[in-house]
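Beneath this line is the structure, given in structure tokens, with notes to follow.
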Amino acid sequence: MKTEARIDKWLWAARIYKTRSIAVDAIKNGRVTIDGINVKPARMVKAGDVVSVRKPPITYSFKILQPIEQRVGAKLIPEIYENVTDPKQYELLEMSRISGFVDRARGTGRPTKKDRRAMDAFVDPALLDFDDIDDDFDWGNDDEA
């Protein structure tokens, strides 16, 4: 068994990124760090290294258990790395999911039906009920009398 692997191959083999080219792009854009240091795609990793992957809105952290370069099945992932992501990051993810429609990225188009329902749930229809307004109320226009 190998003792080291390239970071780009490991990210792909550990199923953190769907393709190796996506992993390389993430590394080049500074979204992947090892022990807090930005790296290049050819950087070798070994067991015990902590890899941080920033996938907005959160940063995942993985402790490498096995440095592999061949992709494995999803069932074998617990043998490859240990997820050591801070629980506060998952709270951030949940908060962004709850309020996801508010922070809609520019250019993503109109809200979906699901988004529309979520927005309507925020506005209480009872607050906008205009049938209860008294039409005989004197608005202070005494000049007309």
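The values are calculated or read from the model by the stated rules, or taken from the named source; none is laboratory data. Since the structure is predicted, the reported quantities are computational estimates derived from the model, not experimental observations. Backbone-built Cβ (ideal geometry, glycine too); neighbour counts: all protein chains shown. The protein model used for the area step is the full one, side chains on, heavy atoms only, and it has no ligands, DNA or RNA in it. Shrake-Rupley method; radii C 1.70, N 1.55, O 1.52, S 1.80 Å.
So for region 77-94 (the condition being at pLDDT below 85 and touching a helix residue (DSSP H, G or I) at 6+ places or on another chain (Cβ under 9 Å)), does at least one residue qualify? Before you say what the answer is, go through the steps one by one.
So in region 77-94, the residues at pLDDT below 85 come out as 85-94.
From the residues that got through so far, the ones that are touching a helix residue (DSSP H, G or I) at 6+ places or on another chain (Cβ under 9 Å) too are none.
No, region 77-94 contains no residue that is at pLDDT below 85 and touching a helix residue (DSSP H, G or I) at 6+ places or on another chain (Cβ under 9 Å).
Given the structure, is ASP115 open to solvent by less than 80 Å² (accessible area, probe 1.4 Å) and at pLDDT 80 or above?
Numbers: open to solvent by less than 80 Å² (accessible area, probe 1.4 Å): yes; at pLDDT 80 or above: no.
Criteria not met by ASP115.
Of the residues screened, ARG110 is one that is at pLDDT 75 or above and open to solvent by 100 Å² or more (accessible area, probe 1.4 Å). Being free of Cβ contacts under 8 Å to residues at least 60 places away in the same chain and out of contact with any strand residue (DSSP E or B) (no Cβ under 8 Å at 6 or more places or on another chain) holds for only one residue in ARG20, ARG15, ARG31, and it is ARG20. Scanning region 7-26 for residues that are open to solvent by less than 20 Å² (accessible area, probe 1.4 Å) and either among the small types (Gly, Ala, Ser) or out of contact with any helix residue (DSSP H, G or I) (no Cβ under 6 Å at 6 or more places or on another chain) (or both) returns ILE7, TRP10, ALA13, ALA14, ILE16, ALA23, ALA26. When only residues in region 55-76 that are in a strand (DSSP E or B) and at pLDDT 90 or above count, which is farthest from LYS2 (Cα to Cα)? Residue satisfying both the conditions and the ranking: SER61. Restricting attention to region 47-57, the residues that are of a type outside the set (Gly, Ala, Ser) and either surrounded by 14 or more Cβ atoms within 10 Å (Cβ to Cβ) or in contact with a Cys (Cβ under 9 Å, 6 or more places away or on another chain) (or both) add up to 5. State yes or no: is ILE37 open to solvent by 80 Å² or more (accessible area, probe 1.4 Å) and aliphatic (A, V, I, L, M)? Yes: the conditions hold for ILE37.
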